[in-house]
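Right, one structure below, let's go through it.
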Amino acid sequence: MNYNFSTNRLIVKEWHSYEPKDIAQPDLVKVVENILVPEVTKTFPIMWRGKYDTRRAKAWIQEQDSDSKTLLAVERETKKPIGLINFFNVGDKSRGTYLRLGYMLSKVMWDQGFATEFVEGFIHWCKENKISTILARVEPDNIASIRVLEKNNFSSERTDSNGISLLFEYNLLQ
């Protein structure tokens with residue numbers, strides 16, 4: 001399957017598929033270290049939070065490669081790596097293909113609309129590849145991520161006891 005897609009400002013490919021000429025920082029371990037800073041990982045599962053050095057970044061890459069598919073977004077103009085999307089199949093295949101989505105954006109790129117654009121591009125890719133549903137879990141205090149999903153028309157599927165959305169769904173078959 002071809003995982004590549006692009007948006008107005010982003011080129012997105014499977015993270016191992018970039019040629020050195022296509023990316024300003026071709027060392028994937030350094031890319032992961034630069035993106036996964038404590039401010040970015042603070043809403044991740046506990047085992048993924050904190051600072052990433054070379055050893056930890058390599059281990060995280062290996063874990064993602066064994067559990068999911070990971071895409072790297074590169075800013076079109078600068079060729080600078082700015083974010084990651086990872087996803088994996090979940091659910092009953094007889095009801096369609098359900099993907100569980102995770103995404104992260106380099107802290108220096110926050111508040112510029114890149115996360116919204118990145119997720120929107122992924123939705124278009126899913127439509128082209130006949131994915132039926134995208135699910136995204138968000139920590140209740142990750143307001144920016146919740147807002148990205150809302151802007152991309154994800155609906156809140158489940159809420160916690162305080163009424164804060166935790167699981168969002170985008171149904172591509174409607």
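None of the figures in this text is laboratory data; all of them are computed from the coordinates on show. All of these numbers come straight from a predicted model, not from anything done at the bench. Note: ideal-geometry Cβ built from the backbone for every residue, glycine included; neighbour counts use all protein chains shown.
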Can you compute the FRET efficiency between residue 59 and residue 8 using 1/(1 + (r/R0)^6), with r the Cβ-Cβ distance and R0 = 41 Å? Round to the nearest 0.05. 0.75
Along the stretch 35-51, what does the Karplus equation 6.51 cos²θ - 1.76 cosθ + 1.60 (θ = phi - 60°) give for ³J(HN,Hα), rounded to whole Hz, x for Gly and Pro? 7, 8, 8, x, 5, 6, 8, 4, 9, 6, x, 3, 5, 9, 6, x, 7
Can you give the net charge of the other residues whose Cβ lies under 12 Å from the Cβ of residue 62, counting K and R as +1 and D and E as -1? 0
Under 15 Å from the Cα of residue 69, which aspartates and glutamates turn up, not counting those fewer than eight places away in the same chain? 14
Ignoring everything except DSSP H segments at least 4 long, calculate the 222 nm mean residue ellipticity for the chain; use -39,500 (n - 2.57) per segment, divide by total residues, nearest 500. -8500 deg cm²/dmol
How far, in nm, would the chain grow between residue 1 and residue 141 when pulled straight, counting 0.36 nm per residue and subtracting the alpha carbon separation? 46.9 nm
At a Förster radius of 22 Å, what calculated FRET efficiency corresponds to the Cβ-Cβ distance of residue 30 and residue 77, to the nearest 0.05? 0.60
For residue 42, the aspartates and glutamates lying under 13 Å Cα to Cα, once residues fewer than eight places off in the same chain are dropped, come out as 139, 141
Counting sequence-distant residues (5 or more places) and residues on other chains, those with an amide H built under 5 Å from that of residue 103 are 86
Straight-line reach from residue 13: which aspartates and glutamates have a Cα under 13 Å away, not including same-chain ones fewer than 8 places off? 22, 75
Under-5 Å amide H pairs with residue 73, H placed in peptide plane, nonlocal only: 82, 83, 84, 85
Relative contact order for the chain: what is it in percent, counting Cα pairs under 8 Å that are at least 6 residues apart? 18
Label-point separation, residue 37 to residue 88 (7 Å along Cα→Cβ), nm: 2.9
Kindly identify the stretch 14-86 as rounded, prolate or oblate by the Cα gyration tensor criterion: order the square roots of the eigenvalues as a ≥ b ≥ c, call it rounded if a/c is under 1.5, otherwise compare a/b with b/c, prolate if a/b is larger, else oblate. prolate
Report, by chain and number, residues whose modeled amide H sits under 5 Å from the one on residue 172, excluding near sequence neighbours (fewer than 5 apart, same chain). 133, 134
